[in-house]
């Protein structure tokens with residue numbers, strides 16, 4: 001979610017995937033303005049009903065799945081990434097006709113991309129649909145397997161990038177702050193009480209980066225003498241390190257600091 005809202009996310013994703021899966025992400029070679037089903041024996045037009053139905057059924061199916069996901073994902077505990085690729089398989093030949101003034105050039109092809117705009121639920125939807133011949137489907141599907149593998153690798157890479165120097169980014173630490181507060185409560189409440197004789201105020205806890213000492217700092221809304229006592233207690237420091245490792249994957253030094261009130 002953190003990366004998806006970045007302004008350059010779509011371009012970054014596309015540039016990466018076009019290198020690994022050019023057949024899926026390369027721009028369409030042509031802009032299709034019409035399609036037609038033709039009887040190969042009689043050479044007569046059969047209209048475009050079947051082709052049009054294949055397009056609309058795919059777009060409706062995608063809209064349905066997206067709508068279901070918006071509802072079902074609310075109850076998911078673990079985040080899931082979905083990607084929909086629309087494919088129409090044709091058990092026949094696929095011919096591209098190019099018009100150049102009075103000349104018509106016909107060439108057999110194994111796949112074609114069609115950018116379709118359709119009104120669904122009173123909203124315009126644009127989808128890229130790839131037509132693939134049945135005999136070429138087995139070979140083409142390999143690239144979608146590559147895409148799946150690369151998507152999984154991308155998630156792993158982004159995960160590592162997110163946690164790299166995470167404590168130095170207040171924007172990132174805020175995302176997992178509630179998880180950290182729960183972890184701190186689990187590990188620190190007992191040694192904290194032993195040291196201060198007070199209950200830990202979780203809502204006052206924040207994470208910052210101590211540039212002077214080059215270490216993570218746990219801010220507490222407590223007086224200086226309590227903060228000093230926590231820093232002098234090895235058990236409290238170990239508890240803080242456990243929480244930081246569990247939530248932020250941080251393994252460096254840590255200290256307690258007084259919260260800055262503005």
Problem set entry | Those residues of region 186-221 which are buried (at least 16 other Cβ atoms within 10 Å of the Cβ) and more than 14 Å from residue 255 (Cα to Cα), in sequence order | 187, 191, 195, 196, 200
For this session: Examine region 233-242 for a residue that is in contact with a strand residue (DSSP E or B) (Cβ under 9 Å, 6 or more places away or on another chain), surrounded by 13 or more Cβ atoms within 10 Å (Cβ to Cβ), under 24 Å from residue 162 (Cβ atoms) and modelled with pLDDT of 95 or more, and state whether such a residue exists.
Result: yes
Seminar exercise, completed: With the first residue restricted to region 54-74 and required to be over 22 Å from residue 35 (Cα atoms), and the second required to be modelled with pLDDT under 85 and loosely packed, with under 14 Cβ neighbours inside 10 Å, Cβ contacts under 8 Å at 6 or more apart or on different chains are 63/121; 73/80
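The rows are residues; the columns are (1) in contact (Cβ under 8 Å) with a residue 60 or more places away in the chain; (2) assigned to a helix (DSSP H, G or I); (3) over 17 Å from residue 131 (Cβ atoms).
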{"residue": "10", "(1), (2), (3)": "no, yes, yes"}
{"residue": "14", "(1), (2), (3)": "no, yes, yes"}
{"residue": "19", "(1), (2), (3)": "no, yes, yes"}
{"residue": "23", "(1), (2), (3)": "yes, yes, no"}
{"residue": "32", "(1), (2), (3)": "yes, no, no"}
{"residue": "35", "(1), (2), (3)": "yes, no, no"}
For this session: May I ask you to verify whether residue 193 is assigned by TED's automatic domain parsing to the domain that holds residue 217 and touching a helix residue (DSSP H, G or I) at 6+ places or on another chain (Cβ under 8 Å)?
Result: no
Problem set entry | Selection count, region 117-128, where residues are within 16 Å of residue 64 (Cβ to Cβ) and part of a strand (DSSP E or B) | 6
Exercise. Pick from 203, 219: which is assigned by TED's automatic domain parsing to the domain that holds residue 186 and in contact with a strand residue (DSSP E or B) (Cβ under 8 Å, 6 or more places away or on another chain)?
Worked result: 219
Seminar exercise, completed: Within region 129-142, residues being outside any strand (DSSP E or B) and crowded, with 16+ Cβ neighbours inside 10 Å number 1
Exercise. Quick one: which strands (runs of 3 or more DSSP E) sit completely within region 68-116 and have at least 3 residues that are surrounded by 14 or more Cβ atoms within 10 Å (Cβ to Cβ)?
Worked result: 86-90
For this session: Within region 13-26, count every residue that is more than 13 Å from residue 155 (Cα to Cα) and within 12 Å of the chain's Cα centre (by Cα).
Result: 0
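The values are calculated or read from the model by the stated rules, or taken from the named source; none is laboratory data. What you see is a predicted model, and the numbers here were worked out from it, not measured in a lab. Please note: Cβ atoms are built from the backbone with ideal geometry, for glycine as well, and neighbour counts cover all protein chains shown.
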